[in-house]
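In what follows, a single structure is set out as structure tokens and then discussed.
The values are calculated or read from the model by the stated rules, or taken from the named source; none is laboratory data. What you see is a predicted model, and the numbers here were worked out from it, not measured in a lab. Positions of Cβ are generated from backbone atoms using ideal geometry, with glycine treated the same way; all protein chains shown enter the neighbour counts.
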Amino acid sequence: MLRTRIQGGRQYGNLVGLKDMRPRYVALAFTVICVATVLLCWQREACGGTSTEVALYTAHQAITKHLIMSDGTSMDTFTTDERARDRQGRTYLKTERVFRNGDQRIESFSFLVEDPVKLRTLTWDSNGKTVVLGEWPYWSGRKGCWTDEYGQRLVSSASNEDWHKVPASPGDGKLETIGSIVDPSGKRVKARFVSENLGHKEIHRLLAFGIRWTTTPLEVDETHNIPETTIELWKSSEFDLKVIEVESGPHFGLKRLELTDLQRGDPDPSLFEPPKGYTVETVEYHQVPCGRK
């Protein structure tokens, strides 16, 4: 059963104007109020749109995999992810990695802190003593392929313009589009995306909306092997958090992610700081065409 802990809100007092102030102090007070209003709108994303509050949480997700390897064999793993978001809008992700060497199971962990306000990321893992502080020229739409000033670090994330599109409602049927995905080498591969809107339902006491995507690569060659997959995702709008995600395909296998624990409220601040004794290396990223290092 999913555990939840609700933290109460805070009440804020009203700003009361003072009478009989001299004109220059009235102007100063008006300026302060204007600046405060702009900052409040920016924080809540209320200017020109819908007001949204940042939901604070610490959560765990269980991930079960039955993956089909390129040689036809399969691999079964069970791992967990830990996620959190704080009042500053920073997000934290701890990912468990499992490697197998015969009958030996080797575990390691990787960590990612994203700070959209400072346009920074922090990454490190349990196998080294170095934290990479990534500085980005912009935040929204950090998709595609990126590298540092020396071209030695290549960071790529799924970059496509179409697969996120879904019908407006479940009654609108399926939507088919043609776009591209990035293969492990960083090369763009043309693909067909078919999406469905599954509506809303309650899962683990959270209201979740559902989407189903089927991705079919339209280019096949020896440099990449991307199988056809179907992803069914149920996500909480309140926390912008995956509740259930199932990815499957005849040549892919099965991957299932499910939210197992959620605690509302402020997470541990230490999650967002580099470990003591680690060396911090600063990297400035710039975008490059995918397929070029």
**Message:** Looking at the structure I just gave you, is residue 154 farther than 22 Å from residue 247 by Cβ, surrounded by 12 or more Cβ atoms within 10 Å (Cβ to Cβ) and modelled with pLDDT of 85 or more?
**Reply:** no
**Message:** Need a quick list: strands (runs of 3 or more DSSP E) entirely within region 67-161 having at least 2 residues that are of a type in the set (Lys, Arg) and either under 22 Å from residue 271 (Cβ atoms) or in contact with a strand residue (DSSP E or B) (Cβ under 7 Å, 6 or more places away or on another chain) (or both).
**Reply:** 74-85, 91-101
**Complete:** Picking from 80, 130, the residue that is under 25 Å from residue 284 (Cα atoms) and either touching a residue at least 40 places away in the same chain (Cβ under 8 Å) or not aliphatic (A, V, I, L, M) (or both) would be 130
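Can you find a residue that is hydroxyl-bearing (Ser, Thr, Tyr), at pLDDT below 90 and more than 26 Å from residue 77 (Cβ to Cβ) anywhere in region 203-225? Show your work before the answer.
Applying the first criterion (hydroxyl-bearing (Ser, Thr, Tyr)) to region 203-225 yields 214-216, 223.
With the extra rule that they be at pLDDT below 90, the set shrinks to 223.
Adding the requirement that they be more than 26 Å from residue 77 (Cβ to Cβ) leaves 223.
Yes, region 203-225 contains a residue that is hydroxyl-bearing (Ser, Thr, Tyr), at pLDDT below 90 and more than 26 Å from residue 77 (Cβ to Cβ).
Take the residues in region 251-287 that are among the charged types (D, E, K, R) and part of a strand (DSSP E or B); name whichever of them is surrounded by the fewest Cβ atoms within 10 Å (Cβ to Cβ).
As a first pass, look at region 251-287 and keep what is among the charged types (D, E, K, R): 255-256, 258, 261, 264, 266, 268, 273, 276, 281, 284.
Retained after the next criterion (residues that are part of a strand (DSSP E or B)): 255-256, 258, 261, 264, 281, 284.
Numbers: 255: 18, 256: 15, 258: 18, 261: 16, 264: 16, 281: 13, 284: 11.
It comes out as 284.
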**Message:** Here is a check on your reading of the model: is residue 235 assigned to a strand (DSSP E or B) and under 24 Å from residue 59 (Cα atoms)?
**Reply:** yes
**Message:** Only one of 199, 210 is in the same structural domain as residue 72 (by TED's automatic domain parsing), in contact with a Ser or Thr (Cβ under 8 Å, 6 or more places away or on another chain), farther than 26 Å from residue 149 by Cα and touching a residue at least 24 places away in the same chain (Cβ under 8 Å). Can you tell me which?
**Reply:** 199
**Request:** Kindly provide the set of residues from region 212-234 that are under 20 Å from residue 168 (Cα atoms) and surrounded by 18 or more Cβ atoms within 10 Å (Cβ to Cβ), ordered by number.
**Result:** 213, 214, 215, 233, 234
